[in-house]
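Asker: Please read through the structure below; I'll follow up with questions.
Nothing in this text is a laboratory measurement; each read-out follows from the coordinates by a stated rule. Everything quoted here is computed from the prediction, not taken from an experiment. FYI the Cβ positions are ideal-geometry reconstructions off the backbone, even for glycines, and counts take in every protein chain you see.
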Amino acid sequence: MIEFKLNGKLVRFEGNPLTRLIDVIREDLDLTGTKEGCGEGECGACSVLRNGKLVTSCIIPVGAVAGDEIITIEGLRDTPQGQCIIDAFAEGGAVQCGFCIPGMVMAAQALLLVNSDPDEDEVRAAISGNICRCTGYDLIVDSILLAAKKGKGLW
Amino acid sequence: MVEKCYIPSSLEEALKIRRETGARPLAGGSDLMVQYKQGIGITPAFPFPVMIISKLEELRGIRQKDDGSVEIMALATPDEISQCPFMPWHVKNAASRMGAIALRNTATIGGNIGNASPKGDLPQPLILLDAEIVLRNCDEERIMPLDEFILGSKKTALRDDEIIYKIIIPPVSYSYAYYRKIGTRKANAISKLSLSSLITIEEGVITDFRAASGAAGPKVIRSRESENILKGKRIDEVQDVLPSFLDSWNDAISPHAMPQYRRNTTRRMLEHFILTAAGMPENQIIE
């Protein structure tokens, strides 16, 4: 049996340890905010935080996160930091089709956790593993900068 | 058929499982989980038994020894390597350009070496720096040059009962350093071609010269024979011997796809580095 924390709650998983983390999140725990794009760790749609660091949940077997603390978009949403990023995305018009947005928000959070006052280049580097096929990168970058500005003191 | 998956809780247990079942170690998962993926909602199917070693503390960490050598344990991630203050420059640079952020938090040096892709980013600078690899089984440790451990594309000298334990980079010094990864994008780029090199010049004489070509053959190419053409030469002789060195390096690499592009580009990078170094003040990174 594999035990780990997800959004602050203890999760016990008794299936195949090679089950992809994203499948446990979406299928077993019904948390469908985390999206699957490429399934190869290249597009960032399935990004979650593992012990505060950004990872793609489609290439990680659940057996590899035993004892870890995983945060998904649902867990982040209910925090002041998460709410600040989400509000900034809405205010900045960052969202077009929306599919990449949960991953983008997680990448923004991973950045702000280590750098609460990033410049534009740092924001672009932080989302460099997240693909937006609507190609709305500029508004996403602006919104992350807006979140950093509005959320001063939160990180 | 679904093969067994083990999760050992100590290195000792992992080595025992390895000997008894031949289970292949899965460290980060970023290569194996993709190679054997089945699709959305379906667990990857491995045609061999697997053991997940991600949590083995004995395989974590990066240390600097008293003699100046650097030991990188098998589970060190590219993120850890790129942030390590005493990491040799070439390796740090290569690690910081692997994949994108999430990949750099997931992949491991042991996996990057064990996968032995000709386009793998870490073996190239490690082989430049004469790194050694330490392998372990239940009974003993085996140490060998990384250049000899990687046999070819996807082939290593790892025995069925061994796992990759750590990498040792000997102390390194140089007057000039060069690293270049050529990929399609800044992030998430698979190397089309890569090159690292270093030169030491003492009193106008080249006392050390090394180069390593990545993605230019079935494995990282280092040609000591070619390197020796430059060693011992005075800076004012460089112009004269450069063509024979470049021809010799060209013979050493064996790119199978777009060979002309890879050969020309390798030639131009080496020429640029060597000529720039020959005309510059010391201790420079040349880009």
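Asker: What FRET efficiency do you get for A:Cys38 and A:Asn16 if R0 is 22 Å and r is their Cβ-Cβ distance, rounded to the nearest 0.05?
Answerer: Here the calculated transfer efficiency is 0.50.
Asker: Continuing with this model, one more query. Per q in 0.09, 0.11, 0.12 1/Å, what log10 I(q)/I(0) does a Debye calculation on the alpha-carbon atoms of the protein assembly as shown return?
Answerer: -0.63, -0.90, -1.04
Asker: Continuing with this model, one more query. Taking region B:85-199 on its own, what percent of its Cα-Cα pair distances exceed 25 Å?
Answerer: Across region B:85-199, Cα pairs with separations above 25 Å total 23 percent.
Asker: Once the Cα gyration tensor of region B:5-169 is found, what semi-axes does its equivalent ellipsoid get, as square roots of 5 times the eigenvalues, in whole Å, sorted largest first?
Answerer: 24, 19, 15
Asker: I would also like to ask the following. Other chains near B:50-56: what is the mean number of their Cβ atoms within 10 Å of each residue's Cβ?
Answerer: 4
Asker: Please give me the summed charge of the neighbours of A:Glu120: other residues whose Cβ is under 13 Å from its Cβ, Lys and Arg +1, Asp and Glu -1.
Answerer: Taking every Cβ under 13 Å from that of A:Glu120, the sum is -4.
Asker: What does the net charge come to around B:Lys192 if you take all other residues with beta carbon closer than 9 Å to its beta carbon, with K and R at +1 and D and E at -1?
Answerer: That sum, taken over residues with Cβ under 9 Å, equals +3.
Asker: With the cut-off at 16 Å, report for region A:76-150 the share of all Cα pairs above it, as a whole percent.
Answerer: 37
Asker: Could you work out, residue by residue across A:121-133, how many beta carbons of other chains sit within 10 Å of that residue's beta carbon, and then give the average as an integer?
Answerer: Counting Cβ atoms of other protein chains within 10 Å of each residue's Cβ and averaging gives 3.
Asker: Average partner chain C-beta neighbours within 10 Å, per residue of B:40-48?
Answerer: Going residue by residue through B:40-48 and averaging, the value is 4.
Asker: Rounded if a/c is under 1.5, else prolate if a/b is larger than b/c, else oblate: which is region B:1-65, with a ≥ b ≥ c the root eigenvalues of its Cα gyration tensor?
Answerer: oblate
Asker: What angle do you read, to the nearest 10 degrees and between 0 and 90, between the alpha-carbon axis of helix A:101-114 and the longest principal axis of chain A?
Answerer: So the inclination is approximately 80 degrees.
Asker: Next up: Assuming R0 = 41 Å, can you tell me the calculated FRET efficiency for the pair A:Glu3 and A:Val114, based on Cβ-Cβ distance, to the nearest 0.05?
Answerer: 0.90
Asker: Expressed as a whole number of Å, what is the distance separating the alpha-carbon centroids of region B:241-267 and region B:82-160?
Answerer: Their Cα centres are 24 Å away from one another.
Asker: Now for a separate question. Please tell me which of these pairs span more than 23 angstrom C-alpha to C-alpha: A:Lys53/B:Lys55; B:Lys55/B:Lys166; B:Lys192/B:Lys233?
Answerer: Pairs exceeding 23 Å: B:Lys192/B:Lys233.
Asker: Which of the aspartates and glutamates could be linked to B:Lys154 by a straight reach, that is with a Cα gap under 18 Å, when you skip same-chain ones fewer than 8 residues away?
Answerer: Once the sequence-local aspartates and glutamates are set aside, what remains near B:Lys154 is B:Asp31, B:Asp121, B:Glu162.
Asker: Another one. Can you list the residues of region A:1-24 with backbone N under 11 Å from a point 7 Å past the Cα of B:Thr21, pointing along Cα to Cβ?
Answerer: Taking a point 7 Å out along Cα→Cβ of B:Thr21, the residues of region A:1-24 whose backbone N falls under 11 Å are A:17.
Asker: What's the ranking of A:134-141, A:61-68 by average number of surrounding C-beta atoms within 10 Å, highest first?
Answerer: Answer by packing, highest mean first, reads A:61-68, A:134-141.
Asker: Using every alpha carbon pair in region A:1-145, what percent of pairs falls into each 10 Å bin from 0 up to the bin containing the largest distance?
Answerer: Spelled out per bin, shortest first, that is 12, 45, 32, 10, 1.
Asker: Ranked by Cβ crowding within 10 angstrom, fewest neighbours first, how are B:Met144, A:Met104, B:Met73 ordered?
Answerer: Fewest-to-most ranking of B:Met144, A:Met104, B:Met73: B:Met144, B:Met73, A:Met104.
Asker: Going by average Cβ neighbours within 10 Å, how do the peptides B:188-197, B:99-108 rank, with the highest at the top?
Answerer: Going by the mean number of other Cβ atoms within 10 Å, highest first, we get B:99-108, B:188-197.
Asker: Next question, about the same structure. Can you compute the modelled spin-label distance between A:Asp87 and B:Leu151, with each label point 7 Å from Cα toward Cβ, in nm?
Answerer: 6.1
Asker: Now a separate question. Tell me the Kirkwood radius of chain B: reciprocal of the mean inverse pair distance over distinct alpha-carbon atoms, in Å.
Answerer: This gives a value of 19.9 Å.
Asker: Still on this model: By a straight-distance test (C-alpha under 19 Å), which aspartates and glutamates pair with A:Lys5 as possible cross-link partners, with residues fewer than eight away in the same chain excluded?
Answerer: A:Lys5 reaches A:Glu14, A:Asp23, A:Glu27, A:Asp28, A:Asp30, A:Asp68, A:Glu69, A:Glu74, A:Asp78.
Asker: Something else now. Treating the angle as unsigned and between 0 and 90°, give the value, to the nearest 10°, between the Cα long axis of helix A:80-91 and the longest Cα principal axis of chain A.
Answerer: 50
Asker: Highest first, please rank the peptides B:171-180, A:15-24, B:263-272 by the mean number of other Cβ atoms sitting within 10 Å of their residues.
Answerer: Ranking, from highest mean packing down: A:15-24, B:171-180, B:263-272.
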